[in-house]
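The values are calculated or read from the model by the stated rules, or taken from the named source; none is laboratory data. Remember, it's a predicted structure, so these values are computed and weren't measured experimentally. Ideal geometry is used to build each Cβ from the backbone, glycine not excepted, and the neighbour counts take in all protein chains shown. Surface accessibility is based on the protein's heavy atoms, side chains included, excluding ligands, DNA and RNA. Shrake-Rupley method; radii C 1.70, N 1.55, O 1.52, S 1.80 Å.
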Amino acid sequence: MIHDLYISGTTKCHIPRVNIVPLDIEGRVKFSVVLENRGPDAVEVSVSGQIFDADHEADAFLNSPLAADIKGKQTRWTGDLNWTEALAPYETRVMEAIVHIQEPRLWAFWQPELYVAEFAVVYGDRTAQLDRYASQFGIRTVTTEGTKLLLNGRPAFLAGVARHEEWPDTGRSATWKQIRDDLVQMRQSMHVNFVRTAHYPNHAYTSLLTDRLGLATVSEIPLWQFTREHFEAQEQKRLSDQMWREMIFSQYNSPSVLMWSTQNESVEVELRTVYNKRLVKDLKQNYADGRLTTQSAAADQPGAHDPSMEPLDLAGWTMYFGIFHGSTYYEGTKDFLQKAHELWPDKPIWNTEFGHWSSDQDTMAAEQMRTYKETLQALMERAVISEDGEAQLRSDGFLVGIDFWIMYDWYVNHNNWIDTFGIYHMDRKTMKPVGEALSQDYARYTAFEGGFIHQPKRESQ
């Protein structure tokens, strides 16, 4: 056991979940309220919902995971979130409604504008409350347009650093404070607007905190370096399909999650393509949430011509040229990006990993720095954002995000050795030389409203 296990008690008739999907940036939001009767008797109940502003000034905002603890004043909204339902024994029912939040405040980079939806269940005579359910959510849209990534309809650039859930004293077990302190340090010291949560869904607290810190993220199921044999087993057992749905529904209301990722660095291509198509179809047709799909493929497995990119919204690759993929840091990355764009001219491309180990006692810290500088140069030459600090949109750019691997050193192979790709050592205190360089570079990329791309208004003719 590495994560918390919760056992909660409730009445037989209760709300186990509420799915919340922002439909646009004008404030239309879809609510799907799941009402469940786990008892042997029929019951008639009333359900009523309210929407509140999240109170950013509340002490609980960064100190409590409970949505009910961060409720502020009631939000102005129109619509109907009231139902009266008669449920048969053991019946589950879903009630749906679209409401319009007036003068919506949009969630964006470093702008954690949040709301709290709260629902109460009472008996039909409205005298005895059975259950209460609260969830935080945000209003934002994430789409693509050609090679651009759009957040709230505006071109954006993801300046990211990955993070493993790993600590020297508690291993993979995490507390709210540990997760919060990591993310705050990444935001403040590295100027990131994006956090990649490695190769598995993180603790449930993580997306709650990225919501509240205004940090975008991607969540990925743990299919790591799968071979054909692995995918053949998945086609039979469909455990991946179950993990995919569990991941999505565990973070469904989180505005900070912009993308779902299907896998990391798998060798197999043919069955991976089948697998990607199936998962994307499942999401889009059965529980569409307005998010994008991607993967983290290895740049040499099989290369830029990877057909498994076809069903995905963004094409994503780990890029370790000069280390694992041959060629050199700069030339290998530059050539690969050009080929990828030629083969996928209408897709945004993002770099899901780049970096180098520093080795014990940082004996290779200089090489880690060189890898960072030369790879970054090749990446930013094809980015949608200019490097000069003006955050101008480049018409010939197609790379919408970068992700340095990784924020902190971490244990590998059941703690047999430490992976030293980190910007910091595992103590979270000792920064390596690459950290200062990355911090300065990322500060430029996120200088304009946290990562939006500046588009000056044209002067009237």
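Tell me the Rg and the Dmax, in Å, that the Cα atoms of region 116-203 produce.
Reported Rg and Dmax, both Å: 19.4, 56.
Mind checking the angle between helix 433-445 and the chain's longest principal axis? C-alpha axes, 0 to 90 degrees, to the nearest 10.
That helix lies at roughly 60 degrees to the long axis.
Relative contact order of region 199-245: what whole-number percent is it, with Cα pairs under 8 angstrom and at least 6 residues apart? Walk me through the numbers on the way to the answer.
Values: 23 pairs, mean separation 18.3, N = 47.
Computed value for region 199-245: 39 percent relative contact order.
Leaving out ligands and nucleic acids, note down the accessible area per residue over region 173-247 with a 1.4 angstrom probe, in whole Å². Write out the running numbers ahead of the final one.
Working: 2850 Å² over 75 residues.
Accessible surface, normalised per residue, equals 38 Å².
Within region 213-298, report the trypsin sites (Lys or Arg not before Pro) that DSSP leaves as loop and that have at most 14 other Cβ atoms within 10 Å. The partial results should precede the final answer.
On the way: sites: R228, K237, R238, R245, R272, K277, R278, K281, K284, R291; in loops: R238, R291.
Loop-located and lightly packed - R238.
Hey, what's region 265-329 come to in accessible area per residue, 1.4 Å probe, Å²? If you can, show how the numbers build up before the last one.
Details: 2160 Å² over 65 residues.
Here the residues of region 265-329 average 33 Å² of exposed surface.
Using 0.36 nm per residue of separation minus the Cα-Cα distance, give me the extension gain between K73 and L343 in nm, one decimal. Walk me through the numbers on the way to the answer.
Details: separation 270, 0.36 × 270 = 97.20 nm, distance 5.08 nm.
Additional length available on full extension: 92.1 nm.
Carbon and sulfur together cover what percent of the accessible area of the chain at a 1.4 Å probe radius?
Carbon-and-sulfur percentage of accessible area, whole number: 50.
Taking 0.36 nm per residue of sequence separation and subtracting the Cα-Cα distance, how much length would be gained by fully extending the chain between E57 and R245, in nm to one decimal? Could the numbers behind the result be given before it?
Working: separation 188, 0.36 × 188 = 67.68 nm, distance 3.41 nm.
Value of the extension gain: 64.3 nm.
Using the reciprocal of the averaged 1/r over all distinct C-alpha pairs, how large is the Kirkwood radius of region 384-448 in Å? Numbers along the way, then the final one.
Numbers: mean 1/r = 0.0726 Å⁻¹.
The answer is 13.8 Å.
Tell me the angle of helix 204-213 to the major Cα principal axis of the chain, expressed in degrees between 0 and 90 and rounded to the nearest ten.
That works out to roughly 80 degrees.
How are the Cα pair distances of region 1-63 distributed, in percent, across 5 Å bins from 0?
Once binned at 5 Å, the Cα pair distances of region 1-63 give 4, 10, 13, 15, 18, 20, 11, 7, 2.
Return a whole-number percent for the relative contact order of region 159-294, with Cα pairs under 8 Å and 6 or more residues apart as the contact set.
Values: 182 pairs, mean separation 31.1, N = 136.
Dividing the mean separation by the residue count of region 159-294 yields 23 percent.
Output the 0 to 90 degree angle, nearest 10, between the alpha-carbon long axis of helix 329-343 and the longest principal axis computed from the alpha carbons of the chain.
For helix 329-343, the angle is close to 60 degrees.
At most 11 other Cβ atoms within 10 Å and a DSSP loop assignment: could you name the GluC sites (Glu not before Pro) in region 47-97 that fit? Before the final figure, lay out the partial values.
On the way: sites: E57, E85, E91, E96; in loops: E57, E91.
Filter output for region 47-97: E57.
Using the 2.2 N^0.38 Å rule of thumb for compact globular proteins, work out how region 1-121 stacks up: its C-alpha Rg over that value, please. Present the calculation step by step, with values, prior to reporting the outcome.
Details: Rg = 16.3 Å, N = 121, 2.2 N^0.38 = 13.6 Å.
That works out to 1.20 for region 1-121.
If you build the convex hull over the alpha carbons only and average its shadow over all orientations, what do you get for region 337-435? Give it in nm² to one decimal.
Working: hull surface 31.5 nm².
Mean shadow area of the hull around the Cα atoms is 7.9 nm².
How are the alpha carbon pair distances in the chain distributed across 20 Å bins from zero to the largest one, expressed in percent?
Going from the shortest bin to the longest, the percentages are 24, 56, 19, 1.
So, in nm, how far is label W110 from label R172 when the simple model puts each one 7 Å beyond its Cα toward the Cβ?
For W110 paired with R172, the spin-label model returns 3.4 nm.
How big is region 263-316 by Rg and Dmax over its Cα atoms, in Å?
Rg, Dmax (Cα atoms, Å): 11.1, 33.
When the helices in the chain are scored as -39500 (n - 2.57) per DSSP H run of 4 or longer and the sum is shared across all residues, what 222 nm value do you end up with, to the nearest 500 deg cm²/dmol?
Details: 8 runs with 108 residues, N = 461.
After summing the helix terms and dividing by residue count, I get -7500 deg cm²/dmol.
Could you pull out every one of the aspartates and glutamates with an alpha carbon less than 13 Å from that of K334, ignoring same-chain neighbours closer than 8 positions?
Candidates past the 8-residue exclusion: E342, E374, E381.
Tell me, what is the Rg over Rh of region 331-375, with Rh the Kirkwood radius over Cα pairs?
1.15
Take the Cα coordinates of region 297-368, assign each an equal point scatterer, and use the Debye formula without solvent to give log10 I(q)/I(0) at q = 0.15, 0.16, 0.21, 0.25 Å⁻¹.
-0.52, -0.57, -0.86, -1.11
Per residue, how much space in cubic angstrom lies within the convex hull of the C-alpha atoms of region 183-330? Intermediate values should be presented prior to the final figure.
Details: hull volume 17.2 nm³, N = 148.
Roughly 116 Å³ of hull volume per residue.
Want the number for T84 to K281: 0.36 nm per residue separation, take away the alpha-carbon distance, what's left? Show your work: numbers first, answer last.
Values: separation 197, 0.36 × 197 = 70.92 nm, distance 3.38 nm.
Taking T84 through K281 to full extension adds about 67.5 nm, to one decimal.
Are there chymotrypsin sites (Phe, Trp or Tyr not before Pro) in region 26-125 that DSSP marks as loop and that have at most 16 other Cβ atoms within 10 Å, and which are they? Provide the component values of the computation, followed by the final result.
Details: sites: F31, F52, F61, W77, W83, Y90, W107, F109, W110, Y115, F119, Y123; in loops: Y90, W107, F109, W110.
Here the sparse-neighbourhood loop sites are Y90, W110.
My understanding is that a pair violates if its Cα-Cα distance is over 24 Å; which of K148/K284; K237/K281; K30/K177; K148/K281; K148/K277 do that in this structure? The partial results should precede the final answer.
Working: K148/K284 21 Å; K237/K281 18 Å; K30/K177 32 Å; K148/K281 22 Å; K148/K277 22 Å.
Distance filter (> 24 Å) returns K30/K177.
Using a Förster distance of 25 angstrom, determine the FRET efficiency expected from the C-beta separation of T10 and I98, and round it to 0.05. Don't jump to the answer; show the numbers that get you there.
On the way: r = 27 Å, r/R0 = 1.09.
In this case the efficiency is close to 0.40.
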